[in-house]
Amino acid sequence: MTTAPAAALARHPHDDLLRTERIPHIWCSGCGIGIVFGSLMAAITKSGLPRQDVAVVSGIGCTGRMAGYIRLDSFHTTHGRAIPFATGLQLARPQGKVIVASGDGDLLAIGGNHFIHAARRNMDLTIICVNNFNYGMTGGQLAPSTPYGAKTTTTPQGNPDEPFNFCALAAACGASYVARWTALHIRRLTNTILEAIHHRGFSFVEVVAPCPTAFGRRNKIRGALDLLRFYYDRSVVKNHIAPGEATIDFDHHLVVGKFVELDRPTFLDHYQMVNRGQVEAWPATGVDASAAGQRKAG
Amino acid sequence: MAGKAVLTGTHFMNGDEACCEGALAAGCRFFGGYPITPATEVAERMSKRLPQVGGVFIQMEDEIASMAAILGASWGGRKSMTSTSGPGFSLMMENIGLGLCTETPCVICNVQRAGPSTGLPTLVGQGDMMQARWGSHGPYEIIALCPASPQEMFDFTIRAFNLSEQFRLPVLIMADEVVGHMNERVVIPPADQIEVIDRAKPSVSPAEYLPYRPGPDGVAPMANFGDGYFMHVTGLTHDQRGYPTMTPAAQVEMTERIVGKIRNNLDRILDYETLLLDDAQVAVVAYGISARSARGAVLAAREAGLKAGLVKLNVAWPFPEQFIRELSHQVKCMIMPEINLGQMVLELERLAQGRCAVRLVAHPGGTIISPRRIVEAIGQALKERP
Amino acid sequence: MKYWRQPLDREEIKVVRGRVEVIKDRCKGCGFCIAYCSRGLLVMSRKFNRKGYHYPEAAQPELCVNCHFCEVICPEFAIFSSEADAAGNQPPVGE
């Protein structure tokens with residue numbers, strides 16, 4: 001092609017982290033995943049980590065395709081199993097940074113059990129959850145995040161389920177870093193992902209993102225721009241609020257911000273301490289087990 | 001808390017423990033598992049032994065997670081394994097498929113108990129043999145080894161790791177409750193007398209590296225996370241670059257590769273032993289604990305003047321098709337004793353194609369097959385008209 | 001811009017001049033960059049790209065201040081800005 005020299009000039013700043021031969025990607029026009037993906041790449045670049053020390057693991061679904069577009073060691077696993085796969089990867093090579101990027105259905109419906117246990121163990125993983133309130137890849141079905149009353153192809157009369165509050169769930173399970181933004185809080189999102197990458201332990205970043213094709217369309221918010229604004233306009237920043245109060249309430253407040261940041265030993269820290277004999281036996285010394293039973297029952 | 005990975009010496013241990021020691025001797029340094037009778041002892045010993053040799057043990061939240069974790073650990077550069085039994089094996093099926101599709105070396109030890117469902121958790125079964133072959137969806141080939149003693153649990157576990165590293169796939173150890181729980185003498189040789197094979201690493205630069213370009217034996221060299229090769233690994237049908245490619249042509253190329261690396265290397269994989277087969281008119285073909293029943297039966301039959309011989313399948317998958325086909329020309333009858341209601345016997349029937357009779361000596365589980373029943377079947381087979 | 005008084009360093013502060021670039025064939029026409037360009041310099045093209053989408057064009061390229069917002073909001077990695085000299089030319093690049 002004669003236009004090759006001009007094309008060579010137009011090199012996007014993310015191009016060296018992108019598998020450019022696979023771009024354009026499969027995400028629909030106006031999908032928020034691309035914005036989050038851009039933020040993730042910006043954060044990885046800013047982190048200064050050597051490229052070979054960062055891996056991205058995805059499950060199945062639209063967001064699950066992120067792993068396929070990033071020029072890093074990247075793993076596109078089975079539906080819901082990104083976190084346990086990443087757990088093995090991280091424990092086998094603890095000097096590496098493992099980032100899990102997947103959707104709300106993948107991480108918290110089919111993968112919900114793995115999510116809560118990895119959070120409990122404070123596994124040293126960064127989880128980026130793109131929450132678009134439905135299963136986009138299969139055409140817009142009910143997700144564990146779908147708002148009460150919202151229409152999807154499997155709740156054509158409206159959703160009878162109560163959705164999860166992912167951030168509250170993560171915090172309750174022991175996640176040591178928890179934050180939420182919408183896809184339009186781009187700069188803050190990038191900074192948050194950067195912090196999450198540098199955080200030791202289970203860091204969870206939820207991003208509320210538009211799915212105009214499958215979710216917006218069925219709920220009378222047809223334009224991608226309208227949906228992007230719909231989430232952003234309802235958002236209020238409340239850093240360090242109790243995670244249980246960090247609600248996603250479309251009538252009032254879609255709470256965004258950083259809710260949890262704790263310094264807590266990771267699974268591997270504990271494992272090494274136990275194996276070195278540095279952890280006191282249970283129950284703690286001084287507890288007289290024979291004294292049990294002296295208290296009256298009832 | 002340093003300890004030796006290879007416990008050279010003569011031991012008295014059960015099959016599950018021997019499996020653990022075999023794994024460590026083969027270089028296993030990651031175990032992700034979930035307790036289940038009768039495989040729990042593998043995990044228990046691993047939890048004690050792995051920290052002694054610089055490895056990591058983690059008890060995952062279920063068997064799905066366990067299987068996913070060992071795949072991840074394998075890509076992290078550690079030899080990894082899990083152990084389970086029927087119900088857990090069922091849960092692992094999808095991620096075994098991921099391991100086959102992404103060509104990930106790892107080992108799964110299934111200490112079989114009687115099913116279906118929760119079945120008889122503490123009692124023996126061999127009912128997962130067809131599941132081992134076909135349990136995950138789509139076209140593939142698998143390798144499954146069948147130990148019949150604690151010593152073989154040790155030896156075959158080492159071989160399972162070597163095969164998984166050589167051919168880049170999850171390898172199954174299809175043990176059973178009796179083999180797992182019986183205590184016997186296990187001889188562990190010095191470390192330098194144990195053959196340990198490691199995965200081939202890429203010899204080209206990252207720019208030239210194609211993660212799924214097969215080498216001469218059909219197996220592609222494997223880069224690990226952190227080696228700087230920036231590979232993409234997916235369970236979608238992919239091309240040699242590892243990129244998802246949604247075409248029938250890519251499906252043909254990929255599945256032919258993952259199937260071909262087994263089918264074209266049978267001479268390096270197959271393993272069976274024979275006893276008194278040369279002049280045998282009846283061949284008892286058996287695997288796992290049933291091969292020990294069969295051995296006793298063949299010896300008893302010979303004492304009674306019946307011309308019986310034994311084929312003990314150390315590797316059940318891939319099945320030794322050529323050998324069984326030839327055997328069906330020689331003998332009058334092939335007998336398969338197995339602790340299920342007829343699984344591997346179907347392979348005998350398929351390969352005999354009516355050239356000889358094929359008989360099943362079955363038990364649905366809970367006990368081993370009595371040698372007496374096999375002797376009776378041998379006698380019966382010799383009485384039948386050709 | 002009108003100030004009630006002139007900032008003391010007004011003469012010293014230079015407004016950065018940027019240059020916006022569009023990788024046409026990556027664009028899927030969502031319009032995010034056009035809606036959120038802080039200087040309103042982008043418009044939708046009348047032409048189609050190879051995939052049949054309209055793409056953004058810089059109607060007033062001289063307004064670009066290299067804020068990068070089009071770059072970070074674009075879900076397709078199809079638009080970016082870089083610093084330019086006073087004439088709007090990009091500094092020479094390595095390749």
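The values are calculated or read from the model by the stated rules, or taken from the named source; none is laboratory data. What you see is a predicted model, and the numbers here were worked out from it, not measured in a lab. Backbone-built Cβ (ideal geometry, glycine too); neighbour counts: all protein chains shown. To get the accessible areas, we keep the full protein, side chains included, count just its heavy atoms, and leave off ligands, DNA and RNA. Shrake-Rupley method; radii C 1.70, N 1.55, O 1.52, S 1.80 Å.
Observations, loosely collected:
- Every residue from the stretch B:260-276 that is open to solvent by 20 Å² or more (accessible area, probe 1.4 Å) and in contact (Cβ under 8 Å) with a residue 40 or more places away in the chain: B:Arg263, B:Asn264, B:Leu266, B:Arg268, B:Leu270, B:Asp271, B:Tyr272, B:Glu273
- Complete set of residues in the stretch B:96-133 that are assigned to a strand (DSSP E or B) and open to solvent by 10 Å² or more (accessible area, probe 1.4 Å): B:Arg113, B:Leu120, B:Pro121, B:Thr122, B:Leu123
- Search result, residues across the stretch A:133-172 that are open to solvent by 20 Å² or more (accessible area, probe 1.4 Å), of a type in the set (A, V, I, L, M, F, W, C) and in contact with a Phe, Trp or Tyr (Cβ under 7 Å, 6 or more places away or on another chain): A:Ala171
- Selection count where residues are facing chain B (nearest Cβ under 7 Å) and either assigned to a helix (DSSP H, G or I) or of a type in the set (Gly, Ala, Ser) (or both), scope the stretch A:68-99: 11
- Candidates in the stretch C:68-83 are the residues that are touching a residue at least 24 places away in the same chain (Cβ under 8 Å) and under 11 Å from the mean Cα position of the chain (by Cα); of these, the one that is surrounded by the fewest Cβ atoms within 10 Å (Cβ to Cβ) is C:Glu83.
- Only one of B:Gln193, B:Gln240 that is at pLDDT 95 or above, open to solvent by 50 Å² or more (accessible area, probe 1.4 Å) and more than 30 Å from A:Met66 (Cα to Cα): B:Gln193
- Members of the stretch B:375-386 that are in a loop (DSSP other than H, G, I, E, B) and open to solvent by less than 70 Å² (accessible area, probe 1.4 Å): B:Glu384
- Single residue of C:Glu11, C:Glu76, C:Glu71 found to be part of a loop (DSSP other than H, G, I, E, B), of a type in the set (Asp, Glu) and closer than 21 Å to A:Pro210 by Cα: C:Glu76
- The residues of the stretch B:22-40 that are surrounded by fewer than 24 Cβ atoms within 10 Å (Cβ to Cβ) and under 19 Å from B:Phe156 (Cα atoms), listed by number, are B:Ala25, B:Gly27, B:Arg29, B:Thr40.
- So A:Gly30, is it free of Cβ contacts under 8 Å to residues at least 12 places away in the same chain, facing another protein chain (nearest Cβ under 8 Å) and either β-branched (Val, Ile, Thr) or out of contact with any strand residue (DSSP E or B) (no Cβ under 7 Å at 6 or more places or on another chain) (or both): no
- Strands (runs of 3 or more DSSP E) fully within the stretch B:16-85 counting 2 or more residues that are among the hydroxyl-bearing types (Ser, Thr, Tyr): B:79-84
- Residues of the stretch A:64-97 satisfying the condition of being of a type in the set (A, V, I, L, M, F, W, C) and over 23 Å from A:Ala119 (Cβ atoms): A:Ile70, A:Leu72
- Of all residues in the stretch C:54-67, those satisfying the criterion of being assigned to a loop (DSSP other than H, G, I, E, B) and surrounded by fewer than 21 Cβ atoms within 10 Å (Cβ to Cβ) are C:His54, C:Ala59, C:Gln60, C:Val65, C:Asn66, C:Cys67.
- Members of the stretch B:256-310 that are among the polar types (S, T, N, Q) and closer than 22 Å to B:Ala381 by Cα: B:Thr274, B:Gln281, B:Ser290, B:Ser293
- Residue satisfying condition, being within 14 Å of another protein chain (Cβ to nearest Cβ), surrounded by 18 or more Cβ atoms within 10 Å (Cβ to Cβ) and not in a loop (DSSP other than H, G, I, E, B), within set A:Gly216, A:Gly257: A:Gly216
- The listed residue being modelled with pLDDT of 95 or more and buried (at least 24 other Cβ atoms within 10 Å of the Cβ), out of A:Thr45, A:Thr63: A:Thr63
- Applying the set (1) under 15 Å from the mean Cα position of the chain (by Cα); (2) surrounded by 23 or more Cβ atoms within 10 Å (Cβ to Cβ) to B:Met93 leaves exactly one unmet item: (2).
- Checking A:Val56 against (1) more than 14 Å from chain C (Cβ to nearest Cβ); (2) in contact with an Asp or Glu (Cβ under 9 Å, 6 or more places away or on another chain); (3) open to solvent by 10 Å² or more (accessible area, probe 1.4 Å), the condition it does not meet: (3)
- Some residue of the stretch A:123-132 being within 13 Å of chain B (Cβ to nearest Cβ), at pLDDT 95 or above and open to solvent by less than 10 Å² (accessible area, probe 1.4 Å): yes
- Evaluation of B:Arg292 against (1) open to solvent by 40 Å² or more (accessible area, probe 1.4 Å); (2) free of Cβ contacts under 8 Å to residues at least 60 places away in the same chain; (3) touching a Ser or Thr at 6+ places or on another chain (Cβ under 9 Å); (4) assigned to a helix (DSSP H, G or I) (one fails), failing number: (2)
- When each of A:Ile110, A:Ile127, A:Ile116 is tested for being within 12 Å of the chain's Cα centre (by Cα) and of a type in the set (A, V, I, L, M), the lone residue that passes is A:Ile127.
- Residue satisfying all of: in the stretch B:327-374; part of a loop (DSSP other than H, G, I, E, B) and of a type in the set (A, V, I, L, M); surrounded by the fewest Cβ atoms within 10 Å (Cβ to Cβ) among these: B:Leu341
- Scanning the stretch C:14-51 for residues that are part of a loop (DSSP other than H, G, I, E, B), more than 11 Å from chain A (Cβ to nearest Cβ) and open to solvent by 40 Å² or more (accessible area, probe 1.4 Å) turns up C:Lys14, C:Val15, C:Val16, C:Arg17, C:Ser38, C:Arg39, C:Gly40, C:Arg46, C:Lys47, C:Phe48.
- Selected residue (criterion: farthest from the other protein chains (Cβ to nearest Cβ)) from residues of the stretch B:41-55 that are open to solvent by less than 30 Å² (accessible area, probe 1.4 Å) and under 23 Å from B:Val178 (Cβ atoms): B:Val42
- Flag for B:Leu98 being within 11 Å of chain A (Cβ to nearest Cβ), under 21 Å from the mean Cα position of the chain (by Cα), over 25 Å from B:Ser117 (Cβ atoms) and not small (Gly, Ala, Ser): no
- Applying the criterion of being part of a helix (DSSP H, G or I) and over 21 Å from the mean Cα position of the chain (by Cα) to the residues of the stretch A:219-228, the residue that is farthest from A:Ala150 (Cα to Cα) is A:Leu225.
- Any chance A:Phe204 is away from chain B (no Cβ under 14 Å), touching a strand residue (DSSP E or B) at 6+ places or on another chain (Cβ under 9 Å), buried (at least 24 other Cβ atoms within 10 Å of the Cβ) and aromatic (Phe, Trp, Tyr): yes
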